[in-house]
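The values are calculated or read from the model by the stated rules, or taken from the named source; none is laboratory data. Every value quoted in this text rests on a predicted model; they were computed, and no experiment measured them. Because the Cβ atoms are built from the backbone with ideal geometry, glycine has one as well, and the counts that use them run over all protein chains shown.
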Amino acid sequence: MRRSERKRRKPDLGILAGRLLFAVQDELFDTLARQGHPNLRPQHGAVLAYLDVEGSRATNLARQSGQHKQVVGKLIDELEALGYVERRPDPSDRRAKLVAPTPLGLDQMTRADAILAAIEHRHAQALGADGYAHFKRLLQEVTDRQRAWRS
């Protein structure tokens, strides 16, 4: 049996995780585009998914998303040009900058939360609330264990 055929029939963890990520991103960003946010791309999620309403430091966004600081910096530049975030002084350290959502960014965050809640609700209905909660616990455990590998 060819490798590609075997991977199609019995996908490994990386393939399954990638398929899930891309499918969720596709639905999220397609729906956001229809709701007035057509310029966002899945890559912007490395910033937007971790951005606090009161603002976040770029270094924290990079650490949380697992992206390099340079990548996150480029994404912040793009999101700033699109009007989703702004840089402002960090009140706890005037030398540092916070990346904070603008009103457009807050709208996107609210809509993204609702879209993701609907996706999760749909899966919970299909699998049953207990089954879906169990799946998420196991997925979190596998994710935590895999991330600990680098530590």
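The single condition among (1) closer than 25 Å to residue 148 by Cα; (2) surrounded by fewer than 17 Cβ atoms within 10 Å (Cβ to Cβ) that residue 65 does not satisfy is (2). Taking the listed residues 117, 124, 81, 46, the one that is hydrophobic (A, V, I, L, M, F, W, C), farther than 18 Å from residue 24 by Cβ and without any contact (Cβ under 8 Å) to a residue 60 or more places away in the chain is 81, with no other qualifying. Scanning the range 89-123 for residues that are at pLDDT below 95 and among the charged types (D, E, K, R), we see that the one that is surrounded by the fewest Cβ atoms within 10 Å (Cβ to Cβ) is 95.
Going through 28, 20 one at a time, which residue ends up being modelled with pLDDT of 95 or more, surrounded by 11 or more Cβ atoms within 10 Å (Cβ to Cβ) and over 17 Å from residue 111 (Cα atoms)? Result: 20 is the single residue among 28, 20 that is modelled with pLDDT of 95 or more, surrounded by 11 or more Cβ atoms within 10 Å (Cβ to Cβ) and over 17 Å from residue 111 (Cα atoms).
Evaluate the range 86-96: report whether one residue or more is of a type in the set (S, T, N, Q) and either more than 28 Å from residue 142 (Cβ to Cβ) or in contact (Cβ under 8 Å) with a residue 40 or more places away in the chain (or both).
yes
Inspect the range 124-143 for any residue being among the hydrophobic types (A, V, I, L, M, F, W, C), surrounded by 15 or more Cβ atoms within 10 Å (Cβ to Cβ) and at pLDDT 95 or above and give the result as yes or no. Reasoning before the result, please.
Let us first name the residues in the range 124-143 that are among the hydrophobic types (A, V, I, L, M, F, W, C), namely 124, 126-127, 129, 133, 135, 138-139, 142.
Next, from what is left, pick out any that are surrounded by 15 or more Cβ atoms within 10 Å (Cβ to Cβ): 124.
Then drop every residue that is not at pLDDT 95 or above, which leaves 124.
Checked against the condition, which is being among the hydrophobic types (A, V, I, L, M, F, W, C), surrounded by 15 or more Cβ atoms within 10 Å (Cβ to Cβ) and at pLDDT 95 or above, the range 124-143 yields at least one hit.
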